[in-house]
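The values are calculated or read from the model by the stated rules, or taken from the named source; none is laboratory data. Owing to the predicted nature of the structure, the values given are computational and were not obtained by experimental measurement. Cβ atoms come from the backbone with ideal geometry, glycine included; neighbour counts cover every protein chain shown.
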Amino acid sequence: MNDVLPTQIGLWQHLERVLGGLLREYGYEELRVPIVEHTELFHRSIGEHTDIVEKEMYSFADAGGELLTLRPEATAGIVRAIISNGLLRGARLKLWTQGPMFRHERPQKGRFRQFHQFSVEAVGFAGPDIDAELIALGARLWRRLGISRVRLLINSLGSSESRQRYREQLLVYLRRHESALDEDSRRRLLGNPLRILDSKNPAMQELIAGAPVLTDSLDAQSQQHFATLRAALDALGIAYTVNPRLVRGLDYYSHTVFEWVTDALGAQDAICSGGRYDGLIAQLAGEPTPGIGFALGVERVVELLSQGAPLPGAAAPAAYLIASGARAELAALKLAEALREALPGAGVQMNLGAGNFKAQFRRADRSGACLALILADAELDRGVVAVKPLRREVGQSECLIAELPGRMLRILEEESWKTS
């Protein structure tokens with residue numbers, strides 16, 4: 001788990017602004033769900049034979065003896081919220097949430113045990129058009145962020161009947177090569193052999209490459225869904241690669257699955273992954289309802305952003321208030337609040353913690369402020385404040401306190417100072 005420092009937070013906020021705005025454009029509404037859920041929710045949704053459930057969840061018994069888990073992903077919690085709050089009933093929902101997720105990952109670069117995701121979900125849409133729109137949303141996000149080193153992988157897992165046929169073919173193949181399976185794969189052989197295709201063990205890759213291909217087992221309806229999605233992506237000019245080994249790490253997926261990957265982050269190449277989960281809502285005791293969504297890894301996208309052109313830093317204040325003398329310090333507090341009221345967005349910082357004039361001017365300069373406003377007891381007695389531009393060689397002048405907002409506005413316009 002790691003800290004996000006003030007020097008890093010600008011990239012996070014930039015991503016949040018851009019993606020939040022894009023989601024509004026596409027008609028998605030924000031939903032906030034707890035970071036703790038009943039452990040059983042994840043066993044029923046993610047699957048007993050996944051790495052997440054078997055090895056990675058942070059689970060504990062609370063004071064009442066209930067078994068709870070810090071959420072390892074958000075989709076299950078969103079679906080639980082939709083069901084428990086009575087939001088289904090034939091609704092077509094477009095929702096998103098963001099926040100921390102928790103998995104006890106093996107320590108390595110780019111993988112954190114507390115990590116952050118945007119989770120974007122569309123519920124109640126059965127056709128491949130929503131699949132295409134979600135992928136198009138991702139493609140537009142990369143363009144807006146100026147990220148180019150990404151590519152799209154897609155696959156179809158088909159219907160439950162298609163997967164059952166494929167499972168039988170895969171079992172025959174894997175049993176013929178059982179001696180070559182690693183420990184994890186042997187454990188999954190009877191529970192969920194499709195998870196074996198998701199193995200990252202280099203020693204398993206040749207065996208996985210020779211396995212039957214799931215797309216060869218798709219029924220006619222699943223083939224049509226996938227073909228229509230591909231035609232839509234072609235029409236949108238979105239390049240993709242069909243990867244028949246892409247199965248995703250969660251059991252609830254069906255039909256379309258996809259990943260946006262990059263070659264700029266080393267081994268952690270997936271930055272945004274998702275797919276359809278048409279059976280999940282019924283699996284969690286809701287009315288049978290189709291769904292699709294994706295999760296975007298914030299830390300990984302931020303790392304990509306940090307490799308590009310630097311973003312503008314935090315906006316410097318328009319003015320820094322320097323005060324000397326007990327009466328002047330109290331008056332400066334009131335003046336700072338009055339200026340913030342009169343000039344919203346300009347930014348006014350006040351010297352805090354006393355200090356002589358030299359020290360206060362150093363702080364004013366370090367703040368990046370356009371103007372220093374100087375108030376001592378002598379100025380206060382005359383009802384004026386001294387105004388000193390800090391970004392060019394201009395002399396100090398005085399201004400009546402009552403006229404200061406208008407005077408500041410004129411100076412800031414002359415200095416081409418940006419206010420929001």
Any idea which residue in segment 124-158 is surrounded by the most Cβ atoms within 10 Å (Cβ to Cβ), counting only those that are among the small types (Gly, Ala, Ser) and under 13 Å from Val257 (Cα atoms)?
Ser156
Here are some residues: Thr50, Thr39. Which one is of a type in the set (S, T, N, Q) and at pLDDT 90 or above?
Thr39
Among the numbered criteria (1) outside any helix (DSSP H, G or I); (2) aromatic (Phe, Trp, Tyr); (3) within 21 Å of the chain's Cα centre (by Cα), which one does Phe60 miss?
(3)
Find the strands (runs of 3 or more DSSP E) located wholly in segment 246-359 whose residues include 2 or more that are among the aliphatic types (A, V, I, L, M) and closer than 30 Å to Ala74 by Cβ, and list them.
254-261, 270-276, 291-297
Answer residue from segment 361-399, given it is in contact with a Phe, Trp or Tyr (Cβ under 8 Å, 6 or more places away or on another chain) and in a helix (DSSP H, G or I) and is modelled with the highest pLDDT among those:
Arg363
Can you tell me which residue in segment 350-404 is nearest to Tyr320 (Cα to Cα), limited to those that are among the polar types (S, T, N, Q) and buried (at least 19 other Cβ atoms within 10 Å of the Cβ)?
Asn351
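Among the candidates Pro312, Pro317, Pro344, single out the residue that is at pLDDT below 85, closer than 30 Å to Ala264 by Cβ and under 34 Å from the mean Cα position of the chain (by Cα). Spell out the reasoning first.
Values: Pro317 fails: closer than 30 Å to Ala264 by Cβ; Pro344 fails: closer than 30 Å to Ala264 by Cβ.
Result: Pro312 is the single residue among Pro312, Pro317, Pro344 that is at pLDDT below 85, closer than 30 Å to Ala264 by Cβ and under 34 Å from the mean Cα position of the chain (by Cα).
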Out of (1) buried (at least 22 other Cβ atoms within 10 Å of the Cβ); (2) within 21 Å of the chain's Cα centre (by Cα), the one Ile281 does not meet is (2)
Can you find a residue in segment 204-222 that is crowded, with 18+ Cβ neighbours inside 10 Å, under 25 Å from Glu105 (Cα atoms) and among the small types (Gly, Ala, Ser)?
no
Residue satisfying condition, being farther than 25 Å from Asn192 by Cα, touching a Cys at 6+ places or on another chain (Cβ under 9 Å) and touching a residue at least 60 places away in the same chain (Cβ under 8 Å), within set Gly297, Gly308
Gly297
